[in-house]
1. For peptide A:99-110, compute the average count of partner chain beta-carbon atoms within 10 Å of each residue's beta-carbon.
2. When the helix-only estimate is applied to chain E (DSSP H runs of n ≥ 4, each -39,500 (n - 2.57), divided by the residue count), what is the mean residue ellipticity at 222 nm, nearest 500 deg cm²/dmol?
3. Counting pairs of alpha carbon atoms under 8 Å apart in space and at least six apart in sequence, what relative contact order in percent does region B:34-161 give?
4. Using a Gaussian network model of chain F with C-alpha springs under 10 Å, which one of F:L214, F:L129, F:L27 is most mobile by mean-square fluctuation?
5. When a footprinting reagent is the concern and you count Cβ atoms within 10 Å, what order do D:D103, A:D174 take, fewest first?
6. Quantify how strongly other chains surround peptide E:70-77 by giving the mean number of their Cβ atoms within 10 Å of each of its Cβ atoms.
7. Which FRET efficiency value, to the nearest 0.05, do you get for C:R191 and D:A28 by plugging their Cβ-Cβ distance into 1/(1 + (r/R0)^6) with R0 = 51 Å?
8. For region D:35-166, with only Lys/Arg (+1) and Asp/Glu (-1) charged at the beta-carbon, what is the dipole magnitude about the Cα centre, in debye rounded to 20?
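What follows draws every value from the coordinates through simple rules; no lab data is involved. Source: prediction; values computed, not measured. With ideal geometry, Cβ positions are generated from the backbone for all residues, glycine too; neighbour counts draw on all protein chains shown.
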Number of protein chains: 6
Amino acid sequence: MDFPLTHQLGVVRRRIPRADAAARDRLAGFGVATLHEAMGRVGLMKPYMRPIYAGAHACGTAVTVLLQPGDNWMMHVAAEQIRPGDIVVAAVTAECTDGYFGDLLATSFKARGACGLVIDAGVRDVRTLTGMGFPVWSKAISAKGTIKATPGSVNVPVVCAGAAVKPGDVIVADADGIVVVPRLQAPEVRRLARDRYAKESQTRERLKNGELGLDFYGLRTRLTELGVVYVDKEE
Amino acid sequence: MDFPLTHQLGVVRRRIPRADAAARDRLAGFGVATLHEAMGRVGLMKPYMRPIYAGAHACGTAVTVLLQPGDNWMMHVAAEQIRPGDIVVAAVTAECTDGYFGDLLATSFKARGACGLVIDAGVRDVRTLTGMGFPVWSKAISAKGTIKATPGSVNVPVVCAGAAVKPGDVIVADADGIVVVPRLQAPEVRRLARDRYAKESQTRERLKNGELGLDFYGLRTRLTELGVVYVDKEE
Amino acid sequence: MDFPLTHQLGVVRRRIPRADAAARDRLAGFGVATLHEAMGRVGLMKPYMRPIYAGAHACGTAVTVLLQPGDNWMMHVAAEQIRPGDIVVAAVTAECTDGYFGDLLATSFKARGACGLVIDAGVRDVRTLTGMGFPVWSKAISAKGTIKATPGSVNVPVVCAGAAVKPGDVIVADADGIVVVPRLQAPEVRRLARDRYAKESQTRERLKNGELGLDFYGLRTRLTELGVVYVDKEE
Amino acid sequence: MDFPLTHQLGVVRRRIPRADAAARDRLAGFGVATLHEAMGRVGLMKPYMRPIYAGAHACGTAVTVLLQPGDNWMMHVAAEQIRPGDIVVAAVTAECTDGYFGDLLATSFKARGACGLVIDAGVRDVRTLTGMGFPVWSKAISAKGTIKATPGSVNVPVVCAGAAVKPGDVIVADADGIVVVPRLQAPEVRRLARDRYAKESQTRERLKNGELGLDFYGLRTRLTELGVVYVDKEE
Amino acid sequence: MDFPLTHQLGVVRRRIPRADAAARDRLAGFGVATLHEAMGRVGLMKPYMRPIYAGAHACGTAVTVLLQPGDNWMMHVAAEQIRPGDIVVAAVTAECTDGYFGDLLATSFKARGACGLVIDAGVRDVRTLTGMGFPVWSKAISAKGTIKATPGSVNVPVVCAGAAVKPGDVIVADADGIVVVPRLQAPEVRRLARDRYAKESQTRERLKNGELGLDFYGLRTRLTELGVVYVDKEE
Amino acid sequence: MDFPLTHQLGVVRRRIPRADAAARDRLAGFGVATLHEAMGRVGLMKPYMRPIYAGAHACGTAVTVLLQPGDNWMMHVAAEQIRPGDIVVAAVTAECTDGYFGDLLATSFKARGACGLVIDAGVRDVRTLTGMGFPVWSKAISAKGTIKATPGSVNVPVVCAGAAVKPGDVIVADADGIVVVPRLQAPEVRRLARDRYAKESQTRERLKNGELGLDFYGLRTRLTELGVVYVDKEE
């Protein structure tokens, strides 16, 4: 980055390259587990992140926010940068469970076209958010509010729940977790996911009919090579 | 307290001053987040406390219980002290996840008029409790039962999930957490919550219409003062 | 065990003594809390184990699996050992939250007659699993997949979530947790559970009518002996 | 409290009743475990609180601080309220691991006569603090600094690591944890601790000589009454 | 086991087969990591278990204890069963951090010849224990004492910190953790550990001289086969 | 990155731009807390990372490793890429506490000139590592070993304990934690740290003489503006 160091917290980028909307939308049909496999098992957020209601699902281009502990000022700054199809990805500079986001910000985000929020901290008003159908993945639920005193940044690279996210990346989130698809890789990931999905559908059929993974994955020989012993007597 | 030290565990207060019933009931219409804000952001229990079913909501006057680890004797003692409109708030003298409370005690509490339970430990029979519509907020769910060997206390001041609770305080609990409103402050908190709610309703309308928090909270000027830089080039 | 030490990881027992099917099924009607009490309060898994959907319930004979961290190979080996009425109990040799199990394995397990899975690690595809009605209790939900590189064992004694499980033991799991009933004790546990349940039903009736546990458990005298003081003045 | 509600965060009490200095100092010779027993097993902070160096020990009168998350302003306000023999007890209105306290504040606290710090959050500069011999008990060590934007309070009742603390209470902290002795109970607790200690010294001698607790605590009979069975065959 | 179910908690076995003393002592010279490798990577307790002082090391035959939450009665019962060279391994029927063990019990255990304690709960008086050189591995340090109300068992199979332990097994504990060597496998494990240690010593020499594991483990070819790419340009 | 997606795990970069050695070494004299402040409070790893021995300190240029769960193959690959003055920074694609690193790898790393290791997982042989004076910061200590089956990457950007690290960045680690100084910013961070340190030294002198932070930070006026009330009566 070519900003002086002291500006790292205090930058709002208004123009970011976003993943192609069509490419993004084609990812929406895949589950997070399938996409994560397709990507070669990178880009997954930590499993402590949980949706606030069952059935939550989202696929959007990331508007990133870097927050200070207990301070949600930059969420308001981020609101202005949201375009339809975006999802907000919020990281904090230290561990915090405060409720940075509630129904007011959700109203604003929704009005700007956001399709969800992923936040490595807490949220509140979860009953109202559920009623609004605004999906959120968070590490905590907390009624504790936040202040507006110290700037952070918007649309800078962040680390959220253990995953590196750049503005404009595609974020897909469902009941299994949250995966980050780098902006330019969306088409390739989609292709790989589709292939994987097709293969899994065939596999599913065979398994349903009672075939064993041991057989059609061809795992038996290697088991023997590695010295696994089948024992038939009852102990 | 004027009891000798050795009686701190071993006291049951039968007469406690309770928050005024009407004042208490007027708090029931507010969410925990709103009340917590109205109180100046004090009195919130830790976010690890979770309702055992979605949609749980309660507002009652606190009957407090101080329990020993793995021992639910005082829950039975507390049952007798419950009056209609009360909520039981149970603390333990050490960390414990045992299931102190199940459908039998819930039957008893309900028969006495309790509207819920907040317990810094575990509960069990959660399916039955859900069927009964008896709301519980706990730190764990565990089938592990408890014994009845060592006395604790009922209706003494306790610390539950990080919050100080006095018998007779108003407890409001919902999906966002649990807030403790000191007995005599119920009317003032209600007034402040109502004002806050009214203001938030207006805000919500404006946000829905696309206005930005940045503008009507007047946050732009201070952002500039603090050196936040808006950048337009794409990196 | 009479295998050389180096084979402890690398054993698949094909013939295990299972708890009698009728005895097993008679346990299905009891809650985990009741069974745990009936057993004298042993055999419970840790409360961090949670069902992936509300209402999950299972009762089966254990097929055990000992997995390596991040490696689900032995789940496929276990599939072949499943018989109708079994439940798979999976332990890992180190702490791991990876998603060892998803809809493909669930399809296979179901085709073999398994009635559920208890795993001291992560699972994925939870939405599909929920749709299939295949109940799982796990310590995490994670989209992270696993490899097939290092053998573990099937149908050896394991420690899962803090409980010792032998192949063929009866596992009962519901919203309150998971209890392990040793294979040969199923009939006795059932008898004790039934007695307990009957007694609790009577108790429930009396509590519903407003009687107090203090009275019919006869707890008042001992409270006094232990020096518990009832105080009537208001402080 | 007779301050208006909105002032709860924003109060600095300059005059607090402190436990008698002689009574306080007489508690310093006892371990936390002994004092906690003497008090009837109440008043202990949670075991996640740990000293920053081995051998840390402190006994002082509490100057309390209620902090905002990520904001250490009130630590500076508290500094002015410290008198020789005090220990600062700092609570936060939400969970936070930031480093609120380092060698500069320690220099200031020491200059004012403080004998230690107990903080339900993080500290930093622990190597320097160790060199200074300034004992701190905290829940985290973190280099993350804090801001000075939002007032809290000084010398109000707080909940720190699960224990209620009033300004002027005696705090004793060592390798086993931290105990809170209410201000006026210091003399009685000291007397009870001394008796307990004397008794334990005798016990220690007898145990050293091979006598068994089973015998001189008279535990054998009750074991038998409760149905405990001694088994001699080797299984 | 041939005791009726209700006696599972309530059994004290006085005669247990212990691992051969010479075999046990020969294990003492190996680190836990080496032994765990030698055993094929089974039998390790969870890494949350930590020694109470740096340099703690122990190797003994297990006297097992099954405790109730918050109740250390059976520790006194266990004391009587200790013979020189034993180490006590204590499990609890539910999660608990209470301080079950302090300097009095340590005095007693030491007088009986115990060489240490492994406990899946809390201990106290750690400064004195350190001074006595009595090594303890625990999951918590807590000044909280325990009661003597409910029996558990002594010398029954237990699960401690995720590992199954039988009375008489060899327990080796050091800075890296705690490993359980089944009673009859001590000689074989010792042989395997010695071989491993010898091999590691040679390896150490070669690594010290700058040879690479990549080369003498022969890892390069397989890296290439798996498609790993070495890149030389600087990005 | 211009590698095809499927190669993200499976890349070893042999030539990386490293921070200037002189610039790096000039950072070694500063504490992590000071550097973190100088950087504007970004770049800190999570506080769960802890040194394996007291007094550990390191400052080096990062060689990064991306590991698979339970697999330390790439640590051996990384060894070859180490140059004198480097520190290895190891991330895992999923949560894992296994012991990836022990005295053998330490011998190798040291022979290549590494000055330490930062790993978001477990390590073992900590007593030997301490004896060798080889500093390690980790999230766990575990005797559990790892396999060599699945490739990861070396010298790619990683997220370690919540912080983004690029190969060649400067890593400074001490008792307070670990900070990442981006490669090209080392000189500026050093200048800012020096200024900050100088200022703090002056501050320290004044505080030592009893001056209050309240005064020379000029905090009193704003306290009043924000409505903080000083109270003199004793309640």
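1. Numbers: counts 8, 0, 0, 6, 5, 7, 2, 2, 8, 10, 1, 2.
Neighbouring Cβ atoms belonging to other protein chains average 4 per residue here.
2. About -9000 deg cm²/dmol.
3. Relative contact order here is 33 percent.
4. Result: F:L214 has the largest fluctuation of those listed.
5. Working: D:D103 23, A:D174 26.
By the 10 Å Cβ count, ascending: D:D103, A:D174.
6. Per residue, the number of nearby Cβ atoms from other chains is 6 on average.
7. Details: r = 59 Å, r/R0 = 1.15.
Given R0 = 51 Å and the Cβ-Cβ separation, E is 0.30.
8. The dipole of region D:35-166 has a size of about 140 debye.
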